[in-house]
Amino acid sequence: MDIRFQNASGGEWRAECALVFLTKEMELAKAAPALASACPWLEISPALRDATGKKDERLLLYGHPDLALPRVLASGLGKAEDCTMSVFRDTVAKAVEYCRGRSYASLALPVDVLDSLAPVLKTTRETLVKEAVLSALLSLYRCEAYRSKKNGEEEGNVTPPDPRSLTLLFAETETPESARLAAREGEAEAAGVKLAQDCSNGPANLVTPSALAETARRIAKVHGFSCSVMGPEEIRDAGMGAFWAVARGAKEEPRFIVLDSRPKGKEDSAPLVLVGKGITFDTGGISLKPAAKMHEMKGDMGGAAAVLGFFEALGNMPDTENLPRVVGIIPSTENMPGGNATRPGDVVTTHSGKTVEILNTDAEGRLVLCDALSYAQKTYNPLVLVDIATLTGACVIALGDYGTGLFTEDRELRKTLLDAAETCGDLFWPLPLWNEYDKNLKSDLADLANIGPREGGSINAALFLRRFIEKGTRWAHLDIAGPGYVVKASPLHPVPGGTGVGVRVFCELARHFAR
Ligand code: BES
Ligand code: MN
Ligand code: ZN
């Protein structure tokens, strides 16, 4: 769906359906004065009087079929005091999906509706433009690449195509640049989220470590980033013994992927470094997982997907001039059992030199991450280091399907990430890095063990990673085991599976460190 712009001086506003959003306190004619004057028929439309603004109410108002703007879809947002940004996003998404179901090819959004809503949501017109564009685009996400018959070909399963365009209608005589940029930002972030969703939803026989590397190379080529990829020999030669311990059991070759944005004038400056867990399938290895739901472990590269999605968003961003250098690092492999796989009890030497006793091969995420974190600190001098991983089932027990566990001892970074998550509508919650629990990782044989007790499992995992963080490094760890991959569809994520969580937060984070 294209995002277009039209202003008052551009002649008649034209679209098959205009979208308006109303709280209970708002009246359509007053909330959208410019639309009301463009559609004088609204005034005499009987349905107009039925619009109450009740949450989830949808009313379709019809003018004469020959008019340039013959329909208005009014969606209710509920009471103003209960209307949050997340209600707004969901309502936009549902309205667009509704129009898609009715095969409307061209939609319009009168921006004066957003101007009326801005004070209600305590935000700006620009933010609402961005969020509306993003929500509209995310509501149309589909993953149909793996069906033999394309959209609509199958009898009885005729999926209408996406609307071709969403036109933002401005009462001003010219489209304001700030609104145009906001819309472009929404488009850029949607492109990043969708790429991450595609990665997570793709099956593990196709989304292999090499496929992720190809995706990284393609993103780099299209947007002018640099990209380097290590294969099995280079990974072993680099001394990444923990990463290798996971990779050695798989026939599918591992990849260590590095993306580097290198903006002009900041080519060698201290970068924001993002590390994403890229386990393309997690069987558990010799510590094999039970069969039930094992297929969901194709989503164990949700961290990698977030990093790739972020770079796709960055490449599409309209205004990147002040953004910092960003480096993305993805250690990617399958975690498989087999004759060459790591045995429980094996001891390996990590990239840092520390030795690890691998008591459970299913705690593989921390093994690939610890080497990536050491490599990141040795190779770059990170401004800030953030890792993102579908790391522990315990985090899903603690925070549920939608909560991201945030671990950091850096108060400022914690606030920055919590604020960023709130801005994006993501549910982040701080979890502790208690020194008292560090002894949980004691090994009888090596410097540390890769598991602790079941209790406090997410904390034990985070503390394992902290053992590889050097003094002075500003570091945060995001456990997205819950929200990385969800089995229920929602308006903003209409396909069950990958959500692209992390992509938008990383965009916010990059903007935070701008200039
Ligand atoms: N990828 C899993 C964690 C996971 C579980 C992600 C459920 C998403 C949904 C991770 O590699 C794992 O297996 N963790 C183990 C750690 C344990 C062996 C210490 C777990 O959580 O059970
Ligand atoms: Mn595992
Ligand atoms: Zn895993």
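Ordering THR123, LEU69, ALA95 by the projection of their Cα atoms onto the charge dipole of the stretch 64-126, which places +1 on the Cβ of Lys and Arg and -1 on the Cβ of Asp and Glu, puts ALA95 at the extreme positive end.
Going by average Cβ density within 10 Å per residue, which order do the peptides 434-442, 342-350 take, highest to lowest?
Numbers: 434-442: 13.9, 342-350: 17.4.
Final packing ranking: 342-350, 434-442.
Taking the dipole about the Cα centre of the chain, with the C-beta of Lys and Arg at +1 and of Asp and Glu at -1, give me whichever of ALA15, VAL273, HIS223 is farthest to the positive side. Going by the charge dipole, the pick is VAL273. Which aspartates and glutamates have a Cα less than 17 Å from the Cα of LYS266, not counting those fewer than 8 places away in the same chain? Partners within reach: ASP319, GLU321. Straight-line cross-link partners of LYS442 among the lysines, defined as a Cα under 23 Å from its Cα and at least 8 positions apart when in the same chain: LYS354, LYS471.
Shape index of the stretch 412-515: Rg/Rh, with Rg the Cα radius of gyration and Rh the Kirkwood radius from the inverse mean 1/r over Cα pairs, equals 1.04. The 3J(HN,Hα) values that the Karplus relation (6.51, -1.76, 1.60; θ = phi - 60°) gives for the stretch 77-90 are, in residue order, 10, x, 5, 4, 5, 9, 7, 9, 4, 6, 5, 4, 4, 4 Hz. Gly and Pro appear as x. Calculated FRET efficiency, VAL347 to GLU214, Cβ-Cβ distance, R0 = 45 Å: about 0.85 to the nearest 0.05. Under 14 Å from the Cβ of LEU369, count the other residues' Cβ atoms, weight Lys and Arg +1, Asp and Glu -1, and hand me the total. Residues close to LEU369 contribute a combined charge of -1.
Amide H contacts under 5 Å for LEU168: ARG4, PHE5, GLN6, LEU109, restricted to partners 5 or more places along the chain or on a different chain, H placed in the peptide plane at 1.01 Å from N. Within the straight-line cut-off of under 19 Å between alpha carbons, the lysines reachable from LYS54 are LYS24, LYS30, LYS79, LYS94, sequence neighbours fewer than 8 places apart in one chain being disregarded.
Of GLU57, GLU27, GLU16, GLU81, the residue with the largest accessible area leads and the full order is GLU81, GLU27, GLU16, GLU57 (1.4 Å probe). Put simply, the C-alpha atoms of the chain give a gyration tensor, and the ellipsoid matching it has half-axes of 46, 23, 21 Å, longest first.
Hey, can you rank 360-369, 258-267 by average C-beta count inside 10 Å, highest first? The partial results should precede the final answer.
Values: 360-369: 25.9, 258-267: 16.6.
Going from most to least packed, we get 360-369, 258-267.
Placing unit charges on the Cβ atoms only, positive for Lys and Arg and negative for Asp and Glu, gives the chain a dipole magnitude near 260 debye about its Cα centre.
Counting only pairs 8 or more places apart or on different chains, how many lysine pairs in the stretch 122-222 have C-alpha atoms closer than 21 Å? Don't jump to the answer; show the numbers that get you there.
Values: LYS122/LYS130; LYS130/LYS194; LYS150/LYS194; LYS194/LYS221.
Lysine pairs meeting the criterion: 4.
Sequence gap at least 6, Cα distance under 8 Å: using those rules, report the relative contact order of the chain to the nearest whole percent. Present the calculation step by step, with values, prior to reporting the outcome.
Working: 1187 pairs, mean separation 78.7, N = 515.
Relative contact order here is 15 percent.
Of the whole protein surface, MET336 contributes about 60 Å² of accessible area at a 1.4 Å probe radius.
The values are calculated or read from the model by the stated rules, or taken from the named source; none is laboratory data. This one's a predicted model, so the numbers in the text were calculated from it and none came from an experiment. Every residue, glycine among them, receives a Cβ derived from its backbone with ideal geometry; neighbour counts consider all protein chains shown. In case anyone asks, the SASA skips ligands and DNA or RNA and just uses the protein heavy atoms, side chains included. Shrake-Rupley method; radii C 1.70, N 1.55, O 1.52, S 1.80 Å.
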